[in-house]
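Throughout, read-outs are computed from the coordinates displayed, never taken from laboratory work. Since the model is a prediction, treat every value here as computed from it, not as a measurement. No Cβ is skipped: glycine too gets one built from the backbone with ideal geometry, and neighbour counts run over all protein chains shown.
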Amino acid sequence: MTKIIGPGSTIGILGSGQLGRMLAISARQMGYRVAVFGGDRLSPCGQVCDLIWPEDYNNEALLHEFASVSDVVTYEFENIPAHAAAAIAARTELRPAVGLLGTAQNRFLEKTALAKLGLPTARFLMMQNADELVAAHQDFGGDVILKANTEGYDGKGQWGIGPDADVAAIWESSELTSGLVEQKVAFDYELSMIAGRFADGHCAFFDPFLNHHANHILDVSISGSPLISVQVASQAEAMGRAVLEHFDVVGVLCIELFLTSSGELVVNEIAPRPHNSGHLTIEAYNCSQFELQLRTICGLPHVAINRMAPVAAMANLLGQHLPPEWTQNAVDAVRNAHLHLYGKQEPKTNRKMGHVTVLGSAPCEAEANVRACRDGLLA
Ligand code: AMP
C-alpha cells in the first residue's frame, strides 16, 4: 500500500522560483510545512516557506540536513546536479525519481527516449563540429534549430538556422563544443499536456492547453480552445500516459507539443514538473497542477480533474509589461481577473514577474480580455 504523507509533514522543494512558490502556497493551504533548498528569504519561494537552505549542491552536509527534515522532496526546475539528486534520494523520497530527471536534463537522451517510445519528435542529431552541422543542415532541408544539449530554456542556448544562413559561422559563434540539431517543425500551434501519476499507477490529465509564445517565451495559454479537437486531446493524453508509465513517474510533468497542419502531434520536450502553461489551473480547475503534484508525491487519494469554467486564458507578466510604480498599478488595473505576483523586486526585461488569469465562456473573448488586462498595466 502507498504510504500517505499527510498534512503536518514537510514537503522539500529544490529551487526557490515562482513554481516553487505556487507549490508552497498550495502545500500550506493543505496544512503542510515547506522546506526549500536553493534560495534566500527574498526569493519567490523563500518568502512563503518554513525552512530554507542556500543553493550549494556541492555541500553534502546541507543536502543531508534538507533531506532529513523533508518527508518527500520534489523540484521546480530540472537542472539539479545528478550527484545532489542521488544524495537526496538516498535519504528520503525524491519524486519524480532520478531516472526521469536525468533524461529531462539532456535533450539528446530525452529525444532518444521519446523516439524509443514511438512518439514523434523532430529529426535530431548530436553535433560535434561545424562540418557535421553543415551536413545536418542540408540533410534536414536547410531549416534547423541548433540547441545547447543541456541547460537551455526560454530560447536561451538556441540558434535558428534558415536556408541562407552561414551555418559554419553560427556554429563558431555559438561556442558550443557539442550541441543538438533539430529539423524545424512546421507547426500550426504549440500545445502542452500536463499530467500526473499517483504511486499506484493511476494517471490524471488536464486538457491540453494552447500556447502562444513571444520571443521564445510563453506569452498566453488558453484552456478550452476549440482549436484542439477531441481526437488531438486524446492523442496528447495517450502520449502523456506513455511517458508517465515508461519513467514510472510519481508526480506531475508537462509534455510540450507541436500540432502540425495535418493534425499530427510532435513532442518538443518534457518538463518533469508543473509548467508555466498550467498556471491557469489554479482558478480554472477543481485541482491545480500544484495540488496535483502534492497529491501524487504525498500518496493522497486520486482526484478527478474537472475544468470549472468553459474557457480560461493566462498571460505572463514580464518585466516589460509592468509600469513604474507597478505593484500599485497592477492591483488597480487587474480588477476583473486573477492577479498573481511572484514577489520579485526588480522588473527586468523578460523576467517572469507574475501572471494574470481570466475565466470566460468564449475562447476569443477570454484571450482578448487577458491581453487587454495586461495591456492596461501600461495604459
Ligand atoms: P525549447 O527550448 O526546446 O522548448 O524551444 C523553445 C521554442 O522554440 C519552442 O516553444 C518553439 O516555439 C521553438 N522550437 C523549438 N524546437 C523547435 C523545432 N524543432 N521546430 C520548430 N520550432 C521549435
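Using C-alpha pairs below 8 Å separated by at least 6 residues, the relative contact order for segment 1-137 is 19 percent.
Full extension of the chain between Asp131 and Ala242 yields a length gain of 36.3 nm, computed as 0.36 nm times the residue separation minus the alpha carbon distance. The alpha carbon centroids of segment 168-220 and segment 246-260 are separated by 10 Å. Normalised by the number of residues in segment 123-183, the mean separation of alpha-carbon contacts (under 8 Å, six or more apart) gives a relative contact order of 52 percent. Counting beta carbons within 10 Å around each of Tyr285, Tyr153, Tyr57 and listing the fewest first gives the order Tyr153, Tyr57, Tyr285. Of all complete DSSP H helices in the chain, those with a Cα span along the helix axis of 20 Å or greater and a mean Kyte-Doolittle hydropathy of 0.0 or more are 230-246. Result for the chain in a Gaussian network model with C-alpha springs under 10 Å: among Thr177, Thr296, Thr112, the largest mean-square fluctuation is at Thr177.
Could you tell me which of rounded, prolate or oblate describes segment 123-183, using a ≥ b ≥ c as the square roots of the eigenvalues of the alpha-carbon gyration tensor, with rounded for a/c under 1.5 and, failing that, prolate when a/b is larger than b/c and oblate otherwise? The shape class here is rounded. Specify the inter-centroid distance of segment 42-81 and segment 91-140, based on alpha-carbon positions, in whole Å. Computed from Cα coordinates, the inter-centre distance equals 27 Å. Within the same chain, lysines fewer than 8 places from Lys111 are excluded, and of the rest, those with a Cα less than 30 Å from its Cα are Lys147, Lys156, Lys184, Lys352.
Most mobile of Val243, Val185, Val72 per a Gaussian network model of the chain (Cα springs, under 10 Å)? Answer for the Gaussian network model of the chain: Val185.
Per-residue ellipticity at 222 nm for the chain, helices alone: DSSP H runs ≥ 4 residues times -39500 (n - 2.57), over residue total, nearest 500 deg cm²/dmol?
Calculated from helices alone, the mean residue ellipticity at 222 nm is -9000 deg cm²/dmol.
Here the residues Phe198, Phe66, Phe140, ranked from fewest to most Cβ neighbours within 10 Å of their Cβ, fall in the order Phe140, Phe198, Phe66.
Taking Cα pairs under 8 Å and at least six residues apart, what relative contact order does segment 203-317 come out at, in percent? Please report the intermediate quantities before stating the final value.
Numbers: 165 pairs, mean separation 33.4, N = 115.
Relative CO of segment 203-317 lands at 29 percent.
Neighbour counts of other C-beta atoms within 10 Å: give me Ser70, Ser229, Ser174 arranged from fewest to most. Ascending Cβ contact count within 10 Å gives the list Ser229, Ser174, Ser70. Rounded, prolate or oblate: pick one for segment 189-376, where a ≥ b ≥ c are the square roots of the eigenvalues of its C-alpha gyration tensor, a/c under 1.5 means rounded, and failing that, prolate if a/b is larger than b/c, else oblate. Prolate. Is the C-alpha gyration tensor of the chain telling us rounded, prolate or oblate? Criteria: a/c under 1.5 is rounded; beyond that, a/b larger than b/c is prolate, otherwise oblate. It is rounded, given that a/c, with a ≥ b ≥ c, falls under 1.5.
Show me 16-26, 124-134 ranked by packing, highest mean number of other Cβ atoms within 10 Å first.
Order by mean packing, descending: 16-26, 124-134.
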